[in-house]
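Below is one structure, written out as structure tokens; comments come after it.
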Amino acid sequence: MRIPLSAPDIVESDIESVVEVLRTPRISLGPKLEEFEAAFARYVDVPHAVALSSGTAGLHLGLLALGIGEGDEVILPSFTFIAAANAVLHARATPVFVDVEARSLNLDPEKVERAVTPRTRAILAVHTFGVPAEMAPLLAIAQKHGLRVIEDACEAIGAEYRGQRVGGLGDLGVFAFYPNKPITTGEGGMVTTRDTRVAGAIRALRNQGRRPDDGWLDHSLLGYNFRISEMNCALGLAQMRRIDEILALRAAAAARYAEELRGIANVTLPLDSIENGKLSWFVYVVRVANRDAIARALIERGIGCGKYFAPLHRQPLFAPYSNRGDDFSVTERASEQTLALPFFTRIAAHQIAEVCRSFHDS
Ligand SMILES: Cc1ncc(COP(=O)(O)O)c(C=O)c1O
């Protein structure tokens, strides 16, 4: 694509940080892992951060560390990326999909409350497209029914809700560092938590079930290899040093899009602010009635775009779980209209202008 949908922001100092690791004998389970985790915990303002091989691995181990398993129900939005729902299945629990709110495209708390049953164990709140989920009512529902709250903050690094960065509001938060994310490690993820026991369990589970005092061939738990290498961590650490600048550049790109698109008939711009917090620009997703025609026109011109998201309750894999006669009208409508436009940290003004011209011409 001439203008890609996303692109990582890698600068010379990032490259040097990775190469530096390669000149040392420690390329896994070394000092960069510890430094990256410490920097991330400070940023989210929680005592513990545990880095792993992906955000999906973080969701999976997060569920296991909270003791969620067979027979347990986990409430999550249908309008999201598949990783969260897959993690629920990997934990042998049952996903219960719920509709989202039209404005934020995040979980609708009223519908969440209606979905709670005696088997519900957790709410998996996704901060979709960098917009913080409405956490106060979700946390209140959780408290009332004795549920755990997992924040899927994979799309929302740096977003805030009532003065707290996301990832520090629930029992645990999960972040992802795939190259389309504001901060990348190539592949990687992070779990943040205030709970020392949960952090310890995730550390053991990511490393073949070894507890801190276990030797290399001692395995106290059924674990996984969800470790992340020192090179990935060095890249993450170097990127974290620039996070304020990266998020500011992305906010400026979003403002530019809004300027260019304002006034175009039938295009609804994404939410650009919330009353009780701050969003973080991960993607730039508009809603447009003739979405498929516009997507075709963009692709013909070499401009990347994405139809985020297809409803999860419609995926064949989730047919047996789908819903309890719930109403997914907002999810289904949004899924037909949402279009992610090229969006990355150093997208140029002329690239944004070119993307927007396609809307005028279509
Ligand atoms: C909402 C959400 N959850 C989870 C993930 C999974 O992260 P990863 O790709 O690192 O496994 C992603 C990332 O793509 C995501 O957008």
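The values are calculated or read from the model by the stated rules, or taken from the named source; none is laboratory data. It should be emphasised that the depicted structure is a prediction, and the values quoted were computed from it without experimental measurement. Here Cβ is always computed from backbone atoms with ideal geometry, including for glycine, and neighbour counts include all displayed protein chains. Accessible surface areas use protein heavy atoms only, side chains included; no ligands, DNA or RNA. Shrake-Rupley method; radii C 1.70, N 1.55, O 1.52, S 1.80 Å.
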_Pick from segment 304-362, criterion over 22 Å from the mean Cα position of the chain (by Cα) and of a type in the set (A, V, I, L, M), ranking: nearest to residue 107 (Cα to Cα)_ = 319
*So how many residues does segment 170-181 have that are within 15 Å of the chain's Cα centre (by Cα) and open to solvent by 10 Å² or more (accessible area, probe 1.4 Å)?*
6
*How many residues are crowded, with 21+ Cβ neighbours inside 10 Å and on the phi > 0 side of the Ramachandran plot when one looks only at segment 182-202?*
1
*Residue check, residue 350 against (1) free of Cβ contacts under 8 Å to residues at least 60 places away in the same chain; (2) of a type outside the set (Val, Ile, Thr); (3) surrounded by 13 or more Cβ atoms within 10 Å (Cβ to Cβ), all met but one. Which one?*
(3)
*Go through (1) open to solvent by less than 20 Å² (accessible area, probe 1.4 Å); (2) in contact with a helix residue (DSSP H, G or I) (Cβ under 9 Å, 6 or more places away or on another chain) one by one and return the number of the condition residue 165 breaks.*
(1)
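Here's the yes/no breakdown for (1) open to solvent by less than 30 Å² (accessible area, probe 1.4 Å); (2) part of a helix (DSSP H, G or I):
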| position | (1), (2) |
| --- | --- |
| 214 | no, no |
| 222 | no, no |
| 232 | no, yes |
| 239 | yes, yes |
| 259 | no, yes |
| 264 | yes, no |
| 282 | yes, no |
| 293 | no, yes |
| 309 | yes, no |
*Sort out which residues of segment 115-151 are open to solvent by 50 Å² or more (accessible area, probe 1.4 Å), in contact (Cβ under 8 Å) with a residue 60 or more places away in the chain and under 13 Å from residue 94 (Cα atoms), and write them in order of number.*
none
_Quick test of your reading of the structure: residue 360 fulfils all but one of (1) modelled with pLDDT of 95 or more; (2) surrounded by fewer than 18 Cβ atoms within 10 Å (Cβ to Cβ); (3) not in a loop (DSSP other than H, G, I, E, B). Name the failing condition by number._
(1)
*Are any residues in segment 203-212 on the phi < 0 side of the Ramachandran plot, crowded, with 18+ Cβ neighbours inside 10 Å and assigned to a loop (DSSP other than H, G, I, E, B), and if so, which ones?*
210
*Between residues in segment 17-30 that are closer than 20 Å to residue 207 by Cα and small (Gly, Ala, Ser) and residues that are assigned to a loop (DSSP other than H, G, I, E, B) and modelled with pLDDT of 95 or more, which pairs lie under 8 Å by C-beta distance while being six or more apart or on different chains?*
28/227; 30/24
